[in-house]
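Every number in this text was worked out from the coordinates using simple rules, so none of it is lab data. Remember, it's a predicted structure, so these values are computed and weren't measured experimentally. Methodologically, a virtual Cβ is constructed for each residue, glycine included, from the backbone with ideal geometry; neighbour enumeration extends over all protein chains shown.
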Amino acid sequence: MLHTVNKSPTERNALDSCLKHLTKGAAVLLIEDGVYGALKGTSTTKSVEQALKSHPIYALYPDIEARGMQDRVIDGIKLVDYNGFVDLVAEHASVQAWL
Amino acid sequence: MTEATGGIEMEEDTSGKVKKFLYVNRKAPYGTIYALESLEVVLIAAAFDQDVSLAFLDDGVYQVVKGQHTKGIDVKNFSPTYRALEGYDIEKLYVEKESMEARGLKESDFIVPMKIIGAQEMADLMLSQDVVLSF
């Protein structure tokens, strides 16, 4: 299962809820305002780092760059472009969007 | 003053009365249209020569972060516009300290010099206004 999150973690609880529902083999892709969940030194960094120990987490780089966050991404989060987004969707049997 | 016009006198003769306007920005840029809409209204309202302040709190602090490059998402990068506000005599820009710190940001991360104030000071600023516009 690939989970996508497109809301800021300090605006909605989509990321928090997503992380609570991850099962074995699940991956997370942060897009749009969801990329604020990929940042170091924030109030939500710790829970993302915890999830990163057992699940791959990706962030869409064009969304990171648009928001000026290119130097703030948590180590271990993989950055993907739109082609990488498509590959992730193709690699996983299903996609769940946390809106 | 009328509620419908947000306190702006519509008659030609406004007797030169200047009111205090505060724009409260609480949303991140690009994910929603709020940040851009706020900026548009600020620029329009600049023509009315009022006493304007801008407040950035919660995710709104992300609007004024340096280094935004939006080519990859094919959306207009409106962040340089904050640098142009000075030219419209809009010079009172406030960032809430608590919001900034919760997002790992510091004063030097902003695109223009911001006045950093605490939540209590922000509350007082809001209280001191004639009109508060929320985005």
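Hey, any idea what the orientation-averaged projected area of the convex hull of chain B's Cα atoms comes to, in nm²? Don't jump to the answer; show the numbers that get you there.
Details: hull surface 34.6 nm².
Taking a quarter of the hull surface, the average projection is 8.6 nm².
In units of 2.2 N^0.38 Å, what is the alpha-carbon radius of gyration of the protein assembly as shown? Working shown, then result.
Details: Rg = 19.9 Å, N = 234, 2.2 N^0.38 = 17.5 Å.
Against the empirical 2.2 N^0.38 Å value, I get 1.14 for the protein assembly as shown.
Pairs A:24/B:106; A:24/B:66; A:20/B:27: which exceed 28 Å Cα-Cα? Kindly include the intermediate steps, with their values, before the conclusion.
Numbers: A:24/B:106 37 Å; A:24/B:66 38 Å; A:20/B:27 25 Å.
The answer is A:24/B:106; A:24/B:66.
Scan around residue B:23 for amide H atoms under 5 Å from its own, H built in the peptide plane at 1.01 Å from N, and keep only partners 5 or more places away or cross-chain.
Amide H neighbours of residue B:23: B:53, B:54, B:55, B:133.
Kirkwood-based Rg over Rh for the stretch A:20-99 (C-alpha set), two decimals?
Working: Rg = 12.0 Å, Rh = 12.9 Å.
Reported Rg/Rh (Cα atoms, Kirkwood Rh): 0.93.
Under a 5 Å amide H to amide H cut-off, with H placed in plane at 1.01 Å, what residues pair with residue A:79 once short-range neighbours are removed?
Here A:59 satisfy the definition.
If the cut-off is a Cα-Cα distance under 13 Å, which aspartates and glutamates reach residue A:40, setting aside same-chain residues fewer than 8 apart in sequence?
Output for residue A:40: A:49, A:71, A:75, B:101.
Grab the other residues whose beta carbon is less than 14 angstrom from that of residue A:54, score K and R as +1, D and E as -1, and report the net. Kindly include the intermediate steps, with their values, before the conclusion.
Details: positive: A:20, A:24, A:53; negative: A:49.
Around residue A:54, the surrounding residues sum to +2.
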